[in-house]
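**Student:** This is the structure I have questions about; it appears just below.
The values are calculated or read from the model by the stated rules, or taken from the named source; none is laboratory data. Quick caveat, the model's predicted, so the values are computed rather than measured. Here the Cβ positions follow ideal geometry from the backbone for every residue, glycine too, while neighbour counts run over all protein chains shown. Calculation scope for accessible area: heavy atoms of the full protein, side chains included, ligands and nucleic acids excluded. Shrake-Rupley method; radii C 1.70, N 1.55, O 1.52, S 1.80 Å.
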Amino acid sequence: MLADRLKLRKQTDSKRGKEVSFLSRSIVTISVLLLFAISAVAVVPTVYATNSYTSTTLSLGGSTLVAPLVSDWIATGAGITSSESFVVSTGGVVQVNYQAVGSTTGTKDVVQDIFSAGFSDAPFSGTPNSGLLTVGAHNYITGSDCTGTGVVGCPNNATIAGADTLLEIPEAIAPISIMYNTPLPLTTHLNLTGSIVAQIYLGKITKWNSPDILAINPGLTASQITSLNIPIIPVHRSDGSGTTFNLTYFFGQTDSNWTTTSYACAGQTLVAGTTSASDFPSCVTELSAKGTGGVASDVASNSGAIGYGELSYAIGAGLGYAAILNQAGFYIVPSAATAANAITADASGIQTAISAGNGYTPTNAPGTDSYPITALTYVYFWQNQDVGQSGGATWTKGDAFDLVQFLNYIVTQGQTDSVLATFAPLPAAIQAIDLATIATVNFNGQSLITSSTTSVTCNRSVQLVGHTVSCTAQVTGSSPAGYVTWSSSTSGVFNRNAECSLSRLGKCSIVFEPTTANAAVSISATYGGNLNNAPSLGSAALNAEQRVAGLTLTCRPATATAGTTSVTCNAVVTGYSPTGTVTFTPSTSSGTAQINGNAAESCTLGSQTTSNARCSVTFSGSGVTGSGHVQVTGAYSGDPNNTSVSKHVTVRVT
């Protein structure tokens, strides 16, 4: 992983007692301000060219949900070589700061040009949306409504002529966990439904041993049920929160009572899909905390408490978290994989919305393996980077360029550079839409970077598992140079650490070996970009097929004496790391000779190598009867990577 390589490089540097010298001496300084930590890292990246751009400070902020991931991007994005970093303008220092102040503040502050880019878990466009940035909404710069023309600080809408365009792209996929503090082991994930969690926050379910909860958790032991005889203490966000937006929108999808007037509190109507802390029941006793870290801390400090937040916060606080009932009727534990399943299952709707420049909220997605409280998180930034940007009159083309490069990094290589296990990478189709949007950013009407295209061709479209194919990436643009990183949709092995350097013709090649058969493999190439060219992605399809297994049988001794001689039969299966069983079945045509009464015996393959495996069975001498020839058939079961096969061998009984 990149973090391990960064650590190794730091250790090497300390042993040498001096800094490492690279092709260029630009220094990238990174500082990250979270609710719980401040850290600084200094590294020296390789870059491709020089220009007159000066020092840059990128002020970012917003979502606490995505703060751990942004922190990781900033730490790893500075990189050690250009193939691992967003390419910065040379000749200066780039400092990237992130303030985890919540999605609402992040949205407002990017509009006020306090932040160069704002991060939010609630989209400002599409249906549903946060409601913070719509036509007629409050203009956070001028204090007036966005009803005029040419108003700086208003989001883009066709009805606002001359207003700058605030762009919105998804940059991360995260499961929002329902975390709790109960006596149950952390390995026990309580089953909960959206309606039950909503009823808890509505003040209608108040104890953990409620019949509604116990009815959907039949696996609890008597002692565990007794331990749940404790009050539930709901904890919600006190600040404007995109996490709250996703949760309450899910409540609206799964419990109609959430928006029923006076259901919880007389005269109060709650909103499904709200960022506001005021849209929790005012008459229900609940704790409130600032930021996801604050919610996790309050839940950890109070026995019986329940809260919500990105999964890594629950794990980091040592809290239990629930399996949530999804649309298909399955209880799903939150993870990066089950969150990715939700995005895949809802891919058409997501891509349609994002292609139109709108946000999308994928809660309660279809699919048997989809986690139902999955969030797409977004980053907002101005399309015209010379209008009222953070830093005011000091904001330069170089500053805008570095922002674009950072955005390009986080939606491409940053998706796999991160060492955080709770976030899922964006699908290639969404990455491509993001890159196209970023490419429209300009400075004073001038493009900041040339769009590039990447195409992939492989020398075979069908290959046996364990055999290699050669694939070539062709990048077109403005004399593109730099690196291409490779990935596959299923398991496989690339040479060259899954990276190659472009030739002067904009080409580079790599060798891939599929390790899973019966799968349609997408082999993807990501061009990282350079000072002149934006990143781009391309892919090619490969069908990986099973190996035709081979089987060699031997039985010793080949001649056995009835009633006394044991017979051992050995099987050697050849293929691609074969696993499974071999079943030996003796039979005769005359019936005068038998081994174990024609009973079948099986063995499990062992002593595996990449090309073969073996096993054996022994038939006891007392089971060898009669006289004549016994045919022993060995049948290999096959496995996902190898076909089944059978052979036979003859044993003579005397």
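**Student:** Taking the range 443-559, how much of its Cα-Cα pair set, in percent, is spaced more than 26 angstrom apart?
**Tutor:** Pairs farther apart than 26 Å: 34 percent.
**Student:** Under 11 Å from a point 7 Å along the Cα-to-Cβ line of PHE330: which residues of the range 344-371 have their amide N that close?
**Tutor:** Counting backbone N atoms under 11 Å from the label point, the list is 367-371.
**Student:** Moving to a separate point now. Name all residues of the range 193-213 having a backbone nitrogen under 16 Å from the label point set 7 Å from the Cα of ALA266 along its Cα→Cβ direction, giving them as ranges.
**Tutor:** Those under the cut-off are none; the list is empty.
**Student:** Not counting ligands, DNA or RNA, and with a 1.4 Å probe, what is SER335's accessible surface area in Å² rounded to the nearest 10?
**Tutor:** Per-residue accessible area (SER335): approximately 40 Å².
**Student:** By the gyration tensor of its Cα atoms, with a ≥ b ≥ c the square roots of the eigenvalues, what is the shape of the range 229-338: rounded for a/c under 1.5, prolate for a/b over b/c, or oblate?
**Tutor:** Oblate, since a/c reaches 1.5 and b/c is not below a/b.
**Student:** List the residues, sorted by chain then number, that are 5 or more residues from THR57 or on another chain and whose placed amide H is less than 5 Å from its amide H.
**Tutor:** Residues meeting the amide H criterion: GLN95.
**Student:** Just to verify a number: FRET efficiency for HIS467 and THR552, C-beta to C-beta distance, R0 = 25 Å, to 0.05?
**Tutor:** For HIS467 and THR552, the calculated efficiency is 0.70.
**Student:** Right, another one. Give me the compactness ratio for the range 419-512, meaning the Cα radius of gyration over 2.2 N^0.38 Å.
**Tutor:** 1.29
**Student:** When only the heavy atoms of the protein chains count and the probe is 1.4 Å, how do LYS397, LYS507 rank by accessible area, highest first?
**Tutor:** Largest accessible area first, the residues go LYS507, LYS397.
**Student:** Subtract the Cα-Cα distance of HIS629 and LYS207 from 0.36 nm times their separation in residues, and report this length gain in nm to one decimal.
**Tutor:** 144.6 nm
**Student:** Compute the accessible area per residue over the range 489-549, keeping the other protein chains in place, probe 1.4 Å, unit Å².
**Tutor:** Heavy-atom accessible area per residue stands at 44 Å².
**Student:** Also: Ordering ARG237, ARG547, ARG556 by accessible area with a probe of 1.4 Å, largest first, what comes out?
**Tutor:** Correct descending sequence by accessible area is ARG556, ARG547, ARG237.
**Student:** Could you provide, to the nearest whole Å², the per residue accessible area of the range 164-261 with probe 1.4 Å?
**Tutor:** With the other protein chains kept in place, the range 164-261 gives 32 Å² per residue.
**Student:** Follow-up. Carbon and sulfur together cover what percent of the accessible area of the range 472-598 at a 1.4 Å probe radius?
**Tutor:** Taking all protein chains in place, the range 472-598 shows 47 percent carbon and sulfur surface.
**Student:** A further question on this structure: So for the range 487-601, averaging the separation of alpha carbon pairs under 8 Å that are six or more residues apart and normalising by length, what relative contact order in percent results?
**Tutor:** Relative contact order of the range 487-601: 16 percent.
**Student:** Under a point spin-label approximation (7 Å from Cα along Cα-to-Cβ), what is the THR188-THR581 distance to one decimal in nm?
**Tutor:** According to this spin-label approximation, the distance is 3.5 nm.
**Student:** From the convex hull of the Cα coordinates of the range 306-413, what is the mean projected area in square nanometres?
**Tutor:** Averaged projected hull area, Cα only: 9.4 nm².
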